[in-house]
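Here the structure is laid out as structure tokens; the discussion comes afterwards.
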Amino acid sequence: MEEIRYPYIIFKIENSSYCVNSRFISSIIQLPHYDKVPAAPANVTGMFKHRNQVIQMLDLRTTFGFKSMAEECDEFIAMIEARKQDHITWVQELERTILNGETFQLARDPHQCALGRWYDNFITTNNSVNFHLQKIEEPHKRLHQAADEAERCKKDCANCEQNECLKEILGKVKEECAPAIIGLLDETKEIFRSNIYREMVLLLDGKKWGIVVDEIAGVEELDIIERRERDPMMNQNSYIQNVLESSKRDDLIFELNVESLYKKLDEFEKLI
């Protein structure tokens, strides 16, 4: 009898690809609301009710020694709050230099401020996130251009027009550009929380456990290119057993060692 070949579920952890054979997985769900488990190991993140069963969760990020997704989300939100404050300070400094007749010294190029550098280097395939971020570009550019406009006004406008010109420039910055950027940055926190920092849970078949991963990358048949059971590097991380490849992807894919995973989960159950 020909052996049944099950496809693999490919998932991401910290931008690397991993997989687990689909015969070990009963279903895949988005991370639901869950309750913390008192005195549990750090990588046992919580439990939730699913189809009349209480499911405990093992976070593969922290299991593999990476920051948790919650920590990354908190750091991202702190970064966005810092960029908001940067631009509040920027507007205040523009107003101060206009009122005092001084030269504005902060970034005039929208690509040179911290927000611009992050924006220019951030890459994602998530369409909702990309669409939202594109809305920031225009008001952000106009905000920074206002500093150049103010400097040109000081040089080119006649004294009788200069005050009105500078007042108009500052008014647009304070009433239009800055509020638009601040509002969009606040929305960015929520959009990233719901689209980028929204983990998935693979429910283990026949177990009251789920494994938490960053995202599901696909379901495919894969080929083993190297068995790593005897490799000393693999022995340090018994959660990984083989290296596989896909005809649709260029990166290597590490296979989760389900047998070792089950042993770890049995140990955790004795502790909890």
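The values are calculated or read from the model by the stated rules, or taken from the named source; none is laboratory data. Being a predicted model, the structure only gives us computed values, none of them experimental. When we count neighbours, we look across all protein chains shown, and the Cβ atoms used for this are built from the backbone with ideal geometry, even at glycine.
For (1) aliphatic (A, V, I, L, M); (2) surrounded by fewer than 17 Cβ atoms within 10 Å (Cβ to Cβ); (3) modelled with pLDDT of 95 or more, each residue gets a yes or a no:
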residue	(1), (2), (3)
Met79	yes, yes, yes
Arg83	no, no, yes
Asp86	no, yes, yes
Glu102	no, yes, no
Ile123	yes, yes, no
Arg152	no, yes, no
Cys160	no, yes, no
Glu168	no, yes, no
Gly171	no, yes, no
Do we have Gln92 as surrounded by fewer than 15 Cβ atoms within 10 Å (Cβ to Cβ), within 17 Å of Asp186 (Cβ to Cβ) and either at pLDDT 95 or above or out of contact with any strand residue (DSSP E or B) (no Cβ under 7 Å at 6 or more places or on another chain) (or both) here?
no
Residue by residue through the stretch 238-263, note down the ones that are outside any strand (DSSP E or B) and touching a residue at least 40 places away in the same chain (Cβ under 8 Å).
Tyr239, Ser246, Arg249, Asp251, Leu252, Val258, Leu261, Tyr262
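Does Ile181 satisfy the condition of being closer than 30 Å to Lys49 by Cα, part of a helix (DSSP H, G or I) and either touching a Leu at 6+ places or on another chain (Cβ under 6 Å) or in contact (Cβ under 8 Å) with a residue 40 or more places away in the chain (or both)?
Details: closer than 30 Å to Lys49 by Cα: no; part of a helix (DSSP H, G or I): yes; either touching a Leu at 6+ places or on another chain (Cβ under 6 Å) or in contact (Cβ under 8 Å) with a residue 40 or more places away in the chain (or both): yes.
Criteria not met by Ile181.
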For Arg5, which of the numbered conditions (1) of a type in the set (D, E, K, R); (2) in contact (Cβ under 8 Å) with a residue 24 or more places away in the chain; (3) more than 23 Å from Asp251 (Cα to Cα) fails to hold?
(3)
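To keep it simple, each residue is scored yes or no on (1) in contact with a Lys or Arg (Cβ under 6 Å, 6 or more places away or on another chain); (2) within 30 Å of Ile225 (Cβ to Cβ); (3) assigned to a helix (DSSP H, G or I).
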position	(1), (2), (3)
Tyr6	yes, yes, no
Val20	no, yes, no
Pro38	no, no, no
Arg61	no, yes, yes
Asp74	no, no, yes
Ile80	yes, no, yes
Counting only residues that are touching a residue at least 24 places away in the same chain (Cβ under 8 Å) and surrounded by 17 or more Cβ atoms within 10 Å (Cβ to Cβ), which one in the stretch 23-49 is farthest from the chain's Cα centre (by Cα)?
Phe24
